[in-house]
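Only the coordinates and a few stated rules stand behind these numbers; no lab work does. Keep in mind that this is a model prediction, so the values were computed, not measured. When we count neighbours, we look across all protein chains shown, and the Cβ atoms used for this are built from the backbone with ideal geometry, even at glycine.
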Amino acid sequence: MASAELVRLPAREVVRLLAEREISPLEAIDAAIARIEAVDPDVNAVPTLCIERARQHARRLETALPPEDRRGWLAGLPILVKDLTDVAGVRTTYGSPIFAEHVPERSDILVERLEARGAIVLGKTNTPEFGAGANTFNEVFGATRNPWNTALTCGGSSGGSAVALATGMAWLATGSDLGGSLRTPAAFCAVVGLRPSPGRVPHGPSLTPFQTLSVEGPMARDVRDLALFLDAMSGFDPRDPLSFESGRSSFTDAVGWPPKLRRVAFSPDLGGITPVDPEIAHICREAAGRFRELGADMVENAPDLSPAVEAFTVLRAEHFVTARAPLLEAHRARLKPEVVWNIEHGLRLTAADIGRAERLRAAMLQNTVRFFEDHDLLLCPAAVVPPFPVEIRWIEELAGHRFPSYVDWLTITYAITLTSCPAISVPCGFTANGLPVGLQIVAPLRGEALLLRAAVAFEDLIGIASQLPIDPRAG
C-alpha cells in the first residue's frame, strides 16, 4: 500500500492491517516518516524522532505473538509521545532549555504500557515549557503552528500532538491535561482529545503521585480511534497509587452501542464564570442542539462552578511548588516568566489559602454530582476564542474582561478539571474564517464509556472527522 494512502487511514484500520500481516510495522514507520518529512517543516510539531529505536522495536514485534487479551492491542502501530513524557533512550526536554539534552534511562509507566500493547514510539511532539500555557512554543524547539492557518497557534500544551494528528504525521498521539492541555489544542486543530478520570491512565513515577489535577490521555483524529487508544492506555499499575483496573468491557466495544440520553445540558460559559467569543458560543450552541437528533432533551444549565478561578489558581500554584520549586532555586534565569510567576505564587500561599481552595473544590464536586443526577451530559465550548496569532503568548482580555493570569482564559476547561469528570473535545464546526471550533462534552465521574458513545454519535452527525488529515495551510 502506498505511504500517502496509508497515512490517511484511521488508526483502527491500520491496526487491522498490521494484525492480519497485510502490512508490516516497518512499512507503517516508513509511511509516517515520509509524511513527517513532507509536512513538519511547515508546522514544527515533531522535533525529535527515534527512527532506529522504532525499527528495532518493529523487528521484535514482527516475530512476537499477540497477547491473549487483545483489548487495546496496537499490533505495531507507530505513535508519537508528548515531550513531557519520558521515553527511555530518547531525548526528552519537557520544552525547557534546562533539559535540552536530557535523555532518560527509563520510560514513563504510560510508555511502558503502550509499548507492551504493541505501540511503537516514533518520536516526541512539541510542548510549551513544562506544559505551562496553552500556546505551544519553547526556547528549545520554537513554536508549533496551526495547520489550518500556519500564522496561528495550535493551542497547548499538547499542541504538537494535535498538529501531528491533523496533518497525518501520526495515527495516534499522547497528551496530558492539567487545565485544558488535551482539550484546547484538539479544539484548535479539529482533532479529538480526552481528559480521562484521574487514575484511568497510569503514569509516573512522579513527584506528585497523589495529585488529581494533571492526567495523561489519548488524542486521535476521530473518537473510535481514541477509544482504541484509551483501551491501550488504561489499567492498574502499583507505581501509580490512583490507578485502577479497567472494566470487563472495552471502550472499543462501548462505542459500538448508541448512547441512551435523556437530558443534556448546554452552557456557553458554564454559568457565567468566563467570557466567550460570541461566534464560538453560537457555533457550539447550534452543535449542541444536534443532540436532540440523538433523542435527548436539551436544556441550558450548568452546575455551580463559580469558585473555579480561586480554587484552581491556588491548587495549580501548590502543584507547581511541589514539582518545580527546586528548578526555581537552581535555574531561575532559564525558566520562562509564566513558570517563575506560578512557582512564586505558590511559595506565597498559606496553609489557610490551600485549605480554603480544597473546600471550594469539594463544594464544586458535590454541585457536579447533584447536577448529573438530572443530566446525562454537560456541553460547552472547549475554548472561549478561536486560534489566535502564534506570537501572542496568551489571551489577556476578552469582551472587556481582563484575565488575571496566563491560564485564566482556560477557565472553561480547568473548571471541569476541578470536578475530576472525564471530558472530551470534539470538532463541531468552523468560524467564518475557516478555523476549527471544539465542543467540550463532560460526563459523570468515571463515565468514559457513556462519554465516548455520545461523542461518536455526535461526531457522526457533524461529519468533520472525514476531512482529516489536511496539508498545512499558510496564513
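Ordering 360, 398 from the fewest to the most neighbouring beta carbons within 10 Å gives 398, 360.
Let me check against my output: what whole-number percent is the relative contact order of the stretch 360-441, with C-alpha pairs under 8 Å and at least 6 apart?
Relative contact order, the stretch 360-441: 37 percent.
Hydrodynamic estimate: the Kirkwood radius of the stretch 185-268 over Cα pairs, inserted into Stokes-Einstein at 10 °C and 1.306 mPa s, corresponds to D of 110 µm²/s.
A Cα-only calculation for the stretch 65-220 places Rg and Dmax at 14.7, 48 Å. For residue 82, the residues whose amide H sits under 5 Å from its own are 125, 174, ignoring neighbours fewer than 5 places away on the same chain, with H placed 1.01 Å from N. A dipole drawn for the chain from +1 and -1 charges on Cβ atoms has a positive end, and of 251, 314, 385 the residue lying farthest that way is 251.
Each Lys and Arg Cβ is given +1 and each Asp and Glu Cβ -1; about its Cα centre, the chain then shows a dipole of about 400 debye. Amide H to amide H, with H built 1.01 Å from N, residue 150 comes under 5 Å of 473, 474, 475, counting only residues 5 or more places away or on other chains. For the stretch 313-396, the square roots of the Cα gyration tensor eigenvalues, ordered a ≥ b ≥ c, give a/c of at least 1.5 with a/b no greater than b/c, which places it in the oblate category. Fraction of C-alpha pairs exceeding 22 angstrom in the stretch 134-248: 34 percent, rounded to a whole number. Put the Cα centre of the stretch 391-426 next to the Cα centre of the stretch 210-238 and the gap is 22 Å.
Pairwise Cα distances in the chain exceed 38 Å for 16 percent of all pairs. Remark: 92, 208, 184, 413 ranked as 208, 92, 413, 184, counting other beta-carbon atoms within 10 Å and listing the fewest first. Backbone amide hydrogens, once placed in the peptide plane, bring residue 77 within less than 5 Å of 120, excluding anything fewer than 5 places away on its chain.
Determine the distance separating the Cα centre of the stretch 279-300 from the Cα centre of the stretch 460-475; give it in Å without decimals. Using only Cα atoms to place each centre, the spacing works out to 21 Å.
Taking the square roots of 5 times each eigenvalue of the Cα gyration tensor of the stretch 40-155, largest first, gives ellipsoid semi-axes of 28, 16, 12 Å. Fewest-first ordering of 428, 284 by other beta carbons within 10 Å of each residue's beta carbon gives 284, 428. Could you calculate, for the stretch 265-310, the ratio of the Cα radius of gyration to the Kirkwood radius, expressed as Rg to Rh? That ratio equals 1.03.
Mean separation of Cα pairs under 8 Å and 6 or more residues apart, divided by the residue count, gives the stretch 52-169 a relative contact order of 23 percent. Are there GluC sites (Glu not before Pro) in the stretch 54-135 that DSSP marks as loop and that have at most 15 other Cβ atoms within 10 Å, and which are they? When the GluC sites (Glu not before Pro) of the stretch 54-135 are filtered for loop state and at most 15 Cβ neighbours within 10 Å, 68, 101, 105 remain.
Computed from the C-beta positions of residue 21 and residue 341 and an R0 of 41 Å, the FRET efficiency is 0.15 to the nearest 0.05.
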